[in-house]
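In what follows, a structure is listed as structure tokens, so that the remarks can point back to it.
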Amino acid sequence: MSALTDLCNEIAGCRQCDLAKQRNRVVPGEGAEDATIAFIGEAPGWHEDQQGRPFVGPAGQFLDELLASIGMKRQQVYICNVLKCRPPGNRDPLPMEVKTCQQWLDRQLALIRPRMIVTLGRYSMARFFPGETISKIHGKARREGGIIHYAMYHPAAALHQQALRDTIKADMRRIPALLAETQPQPDAKVAPKPRQLSFL
Ligand code: URA
């Protein structure tokens, strides 16, 4: 078994916060273990909690469409969330839940070592772009140690607002060029540490 599979099994047994009492399934994440791009959402919703897989509901269908628009399938990237368990009633994650769960995402990224981390929505943006606002930084890339950090709106937000839908589609279409512009560097694949940096 791979180290990432081991880790996901460990995540699946987590009972470190109260979300463990109400969840049906833990949603560790899925995709290519050597993915170039990691997409990080907020938390599992109802569909994800039923299936134990990330982004399998309506927002996930839109994410699949967005990936197809750049010639990619979900199996070629890694998809996971800031929280691995569904907050009841789809409420926003609590600061303590985010803090408790952070170790899992950090360890996943340390193993996958993606060249690009794409944040989907406010909660994953806050992890990699602290203090920023999504309306200001979406579609802009920032590089640290060869890893590109890129913020996008959450696909669920774009489901009901046509203007946002066009924006998120346009932001997704920038990804191939951003990856092409940046050559992989020998030390590029390191665990990301959040800090303030200028945009590319
Ligand atoms: N929204 C998220 O942020 N993540 C999912 O997995 C599904 C919906």
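Coordinate-derived values only; no laboratory data. Just so we're clear, the structure is a prediction, and the values are computed from it rather than from any experiment. Glycine also receives a Cβ, built like all others from the backbone with ideal geometry; neighbour counts cover every protein chain displayed.
For CYS101, CYS80, the sequence from fewest to most other C-beta atoms within 10 Å is CYS101, CYS80. Place a point 7 Å from the Cα of GLN102 along the Cα-to-Cβ direction; which residues of segment 22-46 have their backbone N under 17 Å from it? Under 17 Å, as judged by backbone N against the label point of GLN102, lie 41-43 of segment 22-46.
What is the Cα convex hull volume of segment 62-115 when expressed per residue in Å³?
107
Pairs exceeding 32 Å between alpha-carbon atoms, taken from LYS21/LYS169; LYS84/LYS140; LYS73/LYS140: LYS21/LYS169. Based on the Stokes-Einstein relation at 20 °C and a viscosity of 1.002 mPa s, and on the Kirkwood radius from alpha carbon pairs, the chain is assigned a translational diffusion coefficient of 128 µm²/s. Packing, taken as the mean count of other beta carbons within 10 Å per residue, orders the peptides 103-110, 2-9, 34-41 from highest to lowest as 34-41, 103-110, 2-9.
So in the chain, what percent of DSSP beta bridges are antiparallel if you round to the nearest 5? Expressed as a percentage, antiparallel bridges in the chain total about 30. Let me know the shape class of segment 25-86, please: from the alpha-carbon gyration tensor, a ≥ b ≥ c as square roots of the eigenvalues, rounded when a/c is under 1.5, otherwise prolate if a/b is greater than b/c, or oblate. Oblate.
The helix-based estimate of mean residue ellipticity at 222 nm for the chain, built from -39,500 (n - 2.57) per DSSP H run of four or more residues and divided by its residue count, is -11500 deg cm²/dmol to the nearest 500. Local charge for HIS154 was computed over the other residues whose Cβ lies under 10 Å away, with Lys and Arg +1 and Asp and Glu -1, and equals 0. As a proxy for reagent exposure, ranking PHE199, PHE55, PHE128 by other Cβ atoms within 10 Å from fewest up yields PHE199, PHE128, PHE55. For segment 33-73, the residues whose backbone nitrogen is under 16 Å from a point 7 Å from the Cα of GLU144, taken along Cα to Cβ, are 38, 40. The Cα atoms of segment 1-111 give a gyration tensor whose axes a ≥ b ≥ c have a/c of 1.5 or more with a/b no greater than b/c, which makes the shape oblate. Ordering 61-72, 156-167 by mean Cβ neighbour count within 10 Å, with the highest value first, yields 61-72, 156-167.
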